[in-house]
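Engineer: I have a structure I would like to understand better, so I am pasting it below and will then ask my questions one at a time.
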Amino acid sequence: MPYQLPDSELNLRERLYFPEVIQGVGIIMKQFLRNFFFGRQKDPDVLARDRSLSQNATIAYPEERVPYPPAYRGLHRLVPREDGRPRCVACYMCATICPAQCIYIEAGEYPDDPIEKYPVKFVIDELRCVVCGFCVEACPKDAIRMDTGEHAPPSYTRAAQVWDEKRLLRGPPVSYQNDPWLRRGSPSISPEKLQEMRARAKPFPLNATDEYAQTPGFSVRALASEAKGK
Amino acid sequence: MRRFLGMVLFAICVPLSMVLLGRAVYWLVAGAEYLATSLGAPPTYGAAIANVILLMLVFVMTTAALLTIGERKWSAMIQNRIGPNRIRVFGNSAGGIFFLAADALKMLTKENINPSQRSRVLYELAPMAAFAPSFALFAVVPVGPAVDSVVNGVRTTVALQVANIDAGLLFVFGIASLAVYGTALAGWASNSKLAILGGVRASSQMISYEVSLGLALVGSMMAYQSLRLEEMVRAQGQLLWGFLPALGFFLQPVGLLVFFVSAFAETKRTPFDLPEGESEIVGYFVEYPGMKFGMLFLAEFIEVVVLAAITAAIFFGGWHPVLFEGWLRENLSPIWFASVCAGAFLTKVLLLCWLQLIVRWTLPRFRFDQIQKLCWKVLLPVALANVFITGALILVDPSLELLGLVGLVEIAAMAVITAAVSRKVEVPAHAHAAAAAVAGH
Ligand code: SF4
Ligand code: SF4
């Protein structure tokens, strides 16, 4: 703890040493009995655990995890549209800004919709990535996110750490009202699907909301109201 | 509410299981005695052998081994952690008890690396020299009172005590000083700078504290007029003013304090763990592999158990149940009363072991000059003064009531000084905020 305690002479009682030792033993005993008779809280929602009886603060890691806050940068994912295709339009913004130069993109065109590009190849080398999040910031289409709340999983080979578009494209789909393919329609999307996507589309958010939360059960709003209450 | 009932249940179950344990030990000892006499052995031989096996091997070893786990698990509770829980049988970690087997397996199967420049004989001898004396100390501890038992119509008197020798306390001092050989030899024979430092520290510390250890018990010797532990325990059953049992705790509070501190230093555990000092010199056993280290390590815990037993015998009434003793004596059959006594003693031992672990996790390590200063400048004069004052008080009033009065005044004074409000240290507000941030993620 980086704070200074007043450094003064010990008085006679403190120099007797034993009274203070006995008091200290008393404190430790209290702590022991408290944690001995009251078990650790096992609520899977670790943030809601009550520590008023047992003060055990351990979170048994592999089985229990602390939820990551919304700003946490985890493993990348390519955000899909409702029809399963990537939102990415292969504009190379992310590959350009990436300081580690670990994104490789090959652009292609949909045969049925020649005004729209898509990444034929989209490869991120997770071993070279410095997890700066610039790619997410740069993307004009909200097509790449680091909201999986995962660490890059360990592997036995380097090759397994190079993630291609097939592994990257996952997670809940996203649609915005100003998405061009929703506004003008697209031959590659069936009319019913288009209807559905338009119905689900939301305005583009300016602030982080609960939809950005990476961990189930983690609420930005609850966190904010808790901070306000204190 | 359920938790509260659980606490009460726990508080009842521990002494009760100890009583049943005592009953079982009495039964086995009486059986062994009967068997031995029917085979033609002289009286008390069978009981003595059964006592050696049951009390010294089974009880002390089991308690010491469990304390190695208890130390980890209980320290975890003190520090708001979980402690060892990864070895599970049927999904249950059972308080980490399975780590006992894992530890033993690990110790026994470790590669046996011996330092090439060691002094061969002494190197092998040292763990045994550390192990044996702490064990032997338990021989004079009276666990339960003598009681008549009838096996197959043959009446014998059995007591849960290995040897009731005249020089009981002198035996304790003598054997306790032997323990220093183990550590000193281990340090010397390993031919390592760190080990020899540990050994030298251990020997200087243990030899210093032996003085106050001995002097602290002189008061009790005078008060109970005996060196036999069994008689000292018996004498603690008398009542002062008709209601207060003459426990060493009431008669000799200062002696208890000095004895406990000195004995703590003898066990070489924190705050007196300079001979080990894991963070600086690792200690006299730094060169010992596998089970040889295990023996040195276990010797420490055996010392904890034995220290608890001797403290319980001399200062906390030994096998006297203290509470409801008269009622128990009248309403129980002699053998069951003896079992209750043994259970009371074992419970006291467990409580004192627990207390030692609590102290060990409360205090940080002393500096070496502080250790010697505490011994020679504080404990020794206090112990000497205690001897003189006790002697004078017993001379004035041989019925011990004056001694008891002075003891009570001492306890009250200590309680008042302890409870007196110590200075409140003002902790800056941002420190609280930082602590809260750590605790609440
Ligand atoms: S997080 Fe940074 S380093 Fe990693 S891919 Fe994105 S821009 Fe490149
Ligand atoms: S992920 Fe975003 S920035 Fe990267 S190429 Fe696709 S649309 Fe452009």
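Engineer: Determine, from the Cβ-Cβ distance of A:Leu12 and A:Ser155 and an R0 of 51 Å, the FRET efficiency 1/(1 + (r/R0)^6), rounded to the nearest 0.05. Please report the intermediate quantities before stating the final value.
Structural biologist: Values: r = 65 Å, r/R0 = 1.28.
Given R0 = 51 Å and the Cβ-Cβ separation, E is 0.20.
Engineer: Next up: Pull out a ≥ b ≥ c, the square roots of the eigenvalues of the alpha-carbon gyration tensor of the stretch B:89-232, then state rounded if a/c is under 1.5, prolate if not and a/b is larger than b/c, and oblate in the remaining case. Walk me through the numbers on the way to the answer.
Structural biologist: Working: a/c = 2.42, a/b = 1.31, b/c = 1.84.
Taking the square roots of the gyration eigenvalues as a ≥ b ≥ c, the stretch B:89-232 is oblate.
Engineer: Then there's this: What's the carbon and sulfur percent of the stretch B:1-86's accessible surface, probe 1.4 angstrom, rounded to a whole number?
Structural biologist: 77
Engineer: Here is a further query. How large is the convex hull of the Cα atoms of chain B per residue, expressed in Å³ as a whole number?
Structural biologist: Numbers: hull volume 91.8 nm³, N = 441.
Here the figure is 208 Å³ per residue.
Engineer: While we're on this one: Can you list the residues of the stretch B:400-415 whose accessible area drops by at least 10 Å² going from the chain on its own to the full set of protein chains, with a 1.4 Å probe?
Structural biologist: Those residues are B:Met414.
Engineer: If you take the beta carbon distance between A:Ser225 and B:Ile207 as r and set R0 to 60 Å, what does 1/(1 + (r/R0)^6) give as a FRET efficiency, to the nearest 0.05? Please report the intermediate quantities before stating the final value.
Structural biologist: Details: r = 65 Å, r/R0 = 1.09.
For R0 = 60 Å, the calculated efficiency reads 0.40.
Engineer: If Lys and Arg each add +1 and Asp and Glu each add -1, what is the summed charge of the other residues whose beta carbon sits under 13 Å from the beta carbon of A:Glu150?
Structural biologist: On the way: positive: A:Arg65, A:Arg73, A:Arg77, A:Arg145, A:Arg167, A:Arg170; negative: A:Glu126, A:Asp147.
Once positives and negatives cancel, what remains is +4.
Engineer: Read phi for every residue in the stretch A:84-93 and hand back ³J(HN,Hα) as whole Hz from Karplus 6.51 cos²θ - 1.76 cosθ + 1.60, θ = phi - 60°, with x for Gly and Pro.
Structural biologist: x, 8, x, 5, 4, 10, 6, 8, 6, 4
Engineer: Pull up the cross-link candidates among the lysines for B:Lys193, meaning alpha carbon to alpha carbon under 20 Å and not fewer than 8 places away within one chain.
Structural biologist: Qualifying lysines at Cα under 20 Å: B:Lys268, B:Lys292.
Engineer: Separate question: Treat each spin label as a single point 7 Å out from the Cα along the C-beta direction, and report the A:Lys166 to A:Val46 distance in nm.
Structural biologist: 3.4
Engineer: Can you tell me the accessible area per residue over the stretch B:23-160, all protein chains present, probe 1.4 angstrom, in square angstrom? Could the numbers behind the result be given before it?
Structural biologist: On the way: 6970 Å² over 138 residues.
Here the per-residue accessible area is 50 Å².
Engineer: Go through B:Cys341, A:Cys129 and list them by solvent-accessible area, largest first, probe radius 1.4 Å.
Structural biologist: Working: B:Cys341 0, A:Cys129 25 Å².
These residues rank, largest area first, as A:Cys129, B:Cys341.
Engineer: Could you check how many percent of all C-alpha pairs in the stretch A:10-67 are farther apart than 16 Å?
Structural biologist: Values: 963 of 1653 pairs.
Beyond 16 Å sits 58 percent of the P(r) for the stretch A:10-67.
Engineer: When the Cα atoms of the stretch A:77-214 are enclosed in a convex hull and the volume is divided per residue, what value in Å³ results? Intermediate values should be presented prior to the final figure.
Structural biologist: Numbers: hull volume 15.2 nm³, N = 138.
Measuring per residue, one finds 110 Å³ for the Cα hull of the stretch A:77-214.
Engineer: Separate question: Can you pull a Stokes-Einstein diffusion coefficient for the stretch B:163-228 at 4 °C (1.567 mPa s), Rh from Kirkwood over Cα pairs, as a whole number of µm²/s?
Structural biologist: Values: Rh = 13.3 Å.
Translational diffusion coefficient: 98 µm²/s.
Engineer: Let me ask something else. Looking at the square roots a ≥ b ≥ c of the eigenvalues of the Cα gyration tensor of the protein assembly as shown, which shape do they give, rounded for a/c under 1.5, prolate if a/b is larger than b/c, or oblate?
Structural biologist: Working: a/c = 2.50, a/b = 2.40, b/c = 1.04.
Verdict is prolate for the protein assembly as shown.
Engineer: Over the stretch A:66-193, with the other protein chains present, what is the accessible area per residue in square angstrom, probe 1.4 angstrom?
Structural biologist: Numbers: 6660 Å² over 128 residues.
So the stretch A:66-193 comes to 52 Å² accessible per residue, rounded to a whole number.
Engineer: Using θ = phi - 60° and the Karplus curve 6.51 cos²θ - 1.76 cosθ + 1.60, what whole-Hz ³J(HN,Hα) does each residue of the stretch B:358-374 get, with Gly and Pro shown as x?
Structural biologist: Using θ = phi - 60°, the values come out as 4, 4, 4, 9, 8, 9, x, 5, 6, 7, 5, 5, 5, 4, 5, 5, 4 Hz.
Engineer: Can you tell me the orientation of helix A:18-37 relative to chain A, as the angle in degrees between its alpha-carbon axis and the longest Cα principal axis, to the nearest 10?
Structural biologist: So the inclination is approximately 40 degrees.
Engineer: What's the buried accessible area, both sides, between A and B using a 1.4 Å probe, rounded to 100 Å²?
Structural biologist: Values: alone 15630 and 22030 Å², together 34250 Å².
The A and B chains share an interface burying roughly 3400 Å².
Engineer: Any of B:Lys73/B:Lys348; A:Lys117/A:Lys141; A:Lys30/B:Lys373; A:Lys117/A:Lys166; B:Lys348/B:Lys373 with alpha carbons more than 24 Å apart? Name them for me. Mind showing how you got there, number by number?
Structural biologist: Working: B:Lys73/B:Lys348 20 Å; A:Lys117/A:Lys141 12 Å; A:Lys30/B:Lys373 31 Å; A:Lys117/A:Lys166 17 Å; B:Lys348/B:Lys373 31 Å.
Among B:Lys73/B:Lys348; A:Lys117/A:Lys141; A:Lys30/B:Lys373; A:Lys117/A:Lys166; B:Lys348/B:Lys373, the Cα-Cα distance tops 24 Å for A:Lys30/B:Lys373; B:Lys348/B:Lys373.
Engineer: Just to be sure I understand the model, the point goes 7 Å from the Cα along the line to the Cβ. What's the resulting A:Lys117 to A:Tyr61 distance in nm?
Structural biologist: That separation, rounded to one decimal, is 4.2 nm.
Engineer: While we're on this one: Name the residues whose placed amide hydrogens come within less than 5 Å of the amide hydrogen of B:Leu240, ignoring near sequence neighbours (fewer than 5 apart) on the same chain.
Structural biologist: B:Ala246
Engineer: Give the aspartates and glutamates reachable from B:Lys377 as a straight Cα distance under 13 Å; neighbours fewer than 8 places away on the same chain don't count.
Structural biologist: B:Asp369
The values are calculated or read from the model by the stated rules, or taken from the named source; none is laboratory data. The structure displayed is predicted, hence computed values, not measured ones. All Cβ positions, glycine included, derive from the backbone under ideal geometry; neighbour counts span all protein chains shown. Calculation scope for accessible area: heavy atoms of the full protein, side chains included, ligands and nucleic acids excluded. Shrake-Rupley method; radii C 1.70, N 1.55, O 1.52, S 1.80 Å.
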